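Participant: Before we start, here is the structure in question, set down as structure tokens.
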Amino acid sequence: MKLLTATILKSMPKLGDTAEKTSDKIKVRAKLFNPLGPQKWFITEYDPETKEAFGFVTLGDPQCAELGYISIQELEDLKLPLRLKIERDLHFPLTPLNEVMEKIRAGKHV
């Protein structure tokens with residue numbers, strides 16, 4: 001599965017484009033997840049040349065979830081047991097970043 005499709009990339013802001021916006025004005029364009037674990041990556045910006053993204057990341061502990069840079073190349077190359085790979089949530093709607101952050105930090109499922 002392609003983590004970021006051409007359709008997603010067309011609407012994805014470039015790295016730094018949303019730096020001056022508040023989290024309620026920034027949209028999560030893609031949700032990536034580990035099918036075997038609690039890790040989730042909520043992508044808000046992307047640089048197609050470097051394959052580097054920016055977004056909100058949770059590795060399982062809601063208190064340690066944070067905004068940061070994400071290497072999409074590393075996620076694509078990651079080999080999980082059972083020949084699984086990092087996946088994209090095909091049904092994740094365009095969602096304001098602040099809503100995702102609030103739910104994750106409250107320990108709710110997103």
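The values are calculated or read from the model by the stated rules, or taken from the named source; none is laboratory data. These figures come from a predicted structure and were not determined experimentally. Don't worry about glycine lacking a Cβ; one is built from the backbone with ideal geometry, like all the others, and counts go over all protein chains shown. Just the protein is used for accessible areas: all its heavy atoms, side chains included, with ligands, DNA and RNA removed. Shrake-Rupley method; radii C 1.70, N 1.55, O 1.52, S 1.80 Å.
Residues checked against (1) in contact with a Cys (Cβ under 6 Å, 6 or more places away or on another chain); (2) among the acidic types (Asp, Glu); (3) more than 19 Å from VAL110 (Cα to Cα):
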site: LEU9; (1), (2), (3): no, no, yes
site: GLY55; (1), (2), (3): no, no, no
site: GLY68; (1), (2), (3): no, no, no
site: GLU74; (1), (2), (3): no, yes, yes
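Participant: How about the stretch 21-33: which of its residues are open to solvent by 20 Å² or more (accessible area, probe 1.4 Å) and free of Cβ contacts under 8 Å to residues at least 60 places away in the same chain?
Facilitator: Passing the criteria: LYS21, PHE33.
Participant: Out of the residues in the stretch 1-12 that are in a loop (DSSP other than H, G, I, E, B) and open to solvent by 70 Å² or more (accessible area, probe 1.4 Å), which is modelled with the lowest pLDDT?
Facilitator: MET1
Participant: If you don't mind, another one. Quick check on the stretch 88-98. Is at least one of its residues at positive phi and either in a helix (DSSP H, G or I) or not hydrophobic (A, V, I, L, M, F, W, C) (or both)?
Facilitator: No, the stretch 88-98 contains no residue that is at positive phi and either in a helix (DSSP H, G or I) or not hydrophobic (A, V, I, L, M, F, W, C) (or both).
Participant: Follow-up. Can you find a residue that is of a type in the set (Ser, Thr, Tyr) and open to solvent by 30 Å² or more (accessible area, probe 1.4 Å) anywhere in the stretch 13-20?
Facilitator: no
Participant: Would you pick out the residues in the stretch 54-86 that are open to solvent by less than 60 Å² (accessible area, probe 1.4 Å), closer than 13 Å to PRO35 by Cα and either out of contact with any helix residue (DSSP H, G or I) (no Cβ under 7 Å at 6 or more places or on another chain) or part of a helix (DSSP H, G or I) (or both)?
Facilitator: Those that are open to solvent by less than 60 Å² (accessible area, probe 1.4 Å), closer than 13 Å to PRO35 by Cα and either out of contact with any helix residue (DSSP H, G or I) (no Cβ under 7 Å at 6 or more places or on another chain) or part of a helix (DSSP H, G or I) (or both): GLY60, LEU75, LEU80, LEU84.
Participant: Go through the stretch 41-53 and count every residue that is open to solvent by less than 40 Å² (accessible area, probe 1.4 Å), touching a helix residue (DSSP H, G or I) at 6+ places or on another chain (Cβ under 9 Å) and not aliphatic (A, V, I, L, M).
Facilitator: Count: 4.
Participant: Let me ask something else. Checking LEU59 against (1) in contact (Cβ under 8 Å) with a residue 12 or more places away in the chain; (2) touching a His at 6+ places or on another chain (Cβ under 8 Å), which test does it fail?
Facilitator: With (1) in contact (Cβ under 8 Å) with a residue 12 or more places away in the chain; (2) touching a His at 6+ places or on another chain (Cβ under 8 Å) applied to LEU59, the lone miss is (2).
Participant: Could you tell me how many of the residues in the stretch 23-53 are in a loop (DSSP other than H, G, I, E, B) and not acidic (Asp, Glu)?
Facilitator: Residues that pass the stated criteria total 13.
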